[in-house]
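Engineer: Pasting a structure here, questions to come.
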Amino acid sequence: MAEGARFDASVPSTLAAQEQLAGRPGGVYEALTHDGRRVQLLKVLLSNACRHDCTYCATRCSRDIPRASFRPEELAGLVAQLTQAGQISGLFLSSGIVGDPEATMARMIEAVEILRHKHSYRDYVHLKLLPGSSEAVVSTAAGLADRLSVNLEAPTARRLSAICPEKSFERDLMRPLRWAAERVQPGQVRSGLTTQFVVGASDETDRELLETTWRLTAEIGLARSYFSGFCPVPDTPLEGREPVAPGREARLYQAEFLMRSYGFSFNELVFDDEGMMPLDRDPKMVSALARRDEFPIEVNAADRWELLRVPGIGPTAAERIMALRGKHKLTSLRHLEVLGARPERARNFVTLNGHYFPREEPAMQLSMGL
Ligand code: SF4
């Protein structure tokens, strides 16, 4: 069951923390909550049986694999036991759809209710809302979980129909997501709402993925999108398809991070004619190079918005720069480095007390540093 949940990237984790934790039971990953706490998260399915036949999925009904389901009290007991043993401090619960979504969600909810009420479990719970969940189910789930999510899988109805022909984008996925958004309030669903996309399965573009993320953040307060790179599974219609291009997932996370934490708008991201981001350089550098006429900016005078557009200057460095420059003029690249910026990336885009230190080519290596 942990193996089945492995493909679900909807955990509140950093990229580096997606790895299985050594020395822990199968399916335990380190994750970060919305307020920065580290959680040892058990990712598990209630059942790996499913009535749907999504073309990329290891759990699709037409695959000949052993199927199994937990009883709610069995799963709750296991989670309580692992928690007491100090092996886990959070639960991510998803499931295939056994019969109808209402019945499966009822069993998932029952497992969490037993955990919360019988085992007095107070730790983190991320509950997946299954496609087609009713408003009543969403409402009950919101009263139990720290985070709720719906896997959109694809960024548009057209893309979804290519990989999950039985699901309606609007009725089965967007409707439960909107109901969940209405229930995010103080003391309830405190880690917010997330979604997940399968990247590379439906010929979707980066532009579509990030535009949907941007729109849902504005419309319903989506906390984040997760991008799960497509990997071909034997005995599925997509078994011969190439896996997602190396580096694409990382670029999508970087772009999502720019919008979520740096205040970038979707329109500041740069795509090629096919709607894809370059893989050989990070989206912030690409955005800055596309707006060369807006640089260099003077570090001693720029506001926060301008500083955050400089490659190599992140939120922490921007705060430090703004705090220090009132007392001391910043005059050298070394000053930037001491304040946490990356001068080799920033030097082509800034002046320091009127001095410009450009190099012919800015650093463009594949890097997670923004
Ligand atoms: S509904 Fe979910 S578990 Fe079922 S086949 Fe589709 S992706 Fe797989």
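Engineer: Explain nothing, just compute: Karplus ³J(HN,Hα) = 6.51 cos²θ - 1.76 cosθ + 1.60, θ = phi - 60°, for every residue of region 313-322 in order, whole Hz, x for Gly and Pro.
Structural biologist: Here the 3J(HN,Hα) series is 10, x, x, 5, 5, 4, 4, 5, 4, 5 Hz.
Engineer: Let me ask another. Please report how far the C-alpha centroid of region 278-311 lies from that of region 153-182, rounded to the nearest whole angstrom.
Structural biologist: 35
Engineer: I'd like the FRET efficiency for Ala106 and Ala245, computed as 1/(1 + (r/R0)^6) with the beta carbon distance as r and R0 of 41 Å, rounded to 0.05.
Structural biologist: That gives a FRET efficiency of 0.55.
Engineer: Let me ask something else. So, in nm, how far is label Arg292 from label His119 when the simple model puts each one 7 Å beyond its Cα toward the Cβ?
Structural biologist: 5.9
Engineer: Got a sec? Charge dipole of the chain, +1 on Cβ for Lys and Arg, -1 for Asp and Glu; which of Ser133, Asn348, Ser89 is way out at the positive end?
Structural biologist: Ser89
Engineer: Only Cα pairs under 8 Å and at least 6 apart count here; give the relative contact order of the chain as a rounded whole percent.
Structural biologist: Value for the chain: 11 percent.
Engineer: By how many degrees, between 0 and 90 and to the nearest 10, does the Cα long axis of helix 206-220 differ from the longest principal axis of the chain?
Structural biologist: Helix 206-220 and the main axis of the chain meet at about 80 degrees.
Engineer: Right, another one. Which value in nm describes the separation of the simple spin-label points at Met276 and Glu73, placed 7 Å from the Cα toward the beta carbon?
Structural biologist: So the two model labels end up 5.4 nm from each other.
Engineer: Of Cys61, Cys164, how do they rank once you tally other Cβ atoms within 10 Å and put the fewest first?
Structural biologist: The most exposed by this proxy come first: Cys61, Cys164.
Engineer: Enter the angle in degrees (range 0 to 90, nearest 10) between the Cα long axis of helix 101-113 and the first principal axis of the Cα atoms of the chain, meaning the one along which they spread out most.
Structural biologist: Roughly 80 degrees between the two axes.
Engineer: What ranking of Arg37, Arg63, Arg347 emerges when the number of other C-beta atoms within 10 Å of each C-beta is taken as an exposure proxy, fewest first?
Structural biologist: Arg37, Arg63, Arg347
Engineer: Arranged by the count of other C-beta atoms within 10 angstrom, fewest first, what order do Ile88, Ile220 take?
Structural biologist: With the sparsest Cβ surroundings first, the list reads Ile220, Ile88.
Engineer: Could you list the trypsin sites (Lys or Arg not before Pro) in region 88-172 that lie in coil according to DSSP, counting only those with at most 10 other Cβ atoms within 10 Å of their Cβ?
Structural biologist: Loop-located and lightly packed - Arg122.
Engineer: Also, I was wondering about something else. What's the Kirkwood radius of region 2-192 in Å, using all Cα pairs?
Structural biologist: 16.8
Engineer: Give the total of Lys-Lys pairs in the chain with Cα-Cα distances below 23 Å; include a pair only if its members are 8 or more places apart or on different chains.
Structural biologist: Going through the chain pair by pair, I get 4.
We did not get these values from a lab; they are worked out from the coordinates using the rules stated. Remember, it's a predicted structure, so these values are computed and weren't measured experimentally. Because the Cβ atoms are built from the backbone with ideal geometry, glycine has one as well, and the counts that use them run over all protein chains shown.
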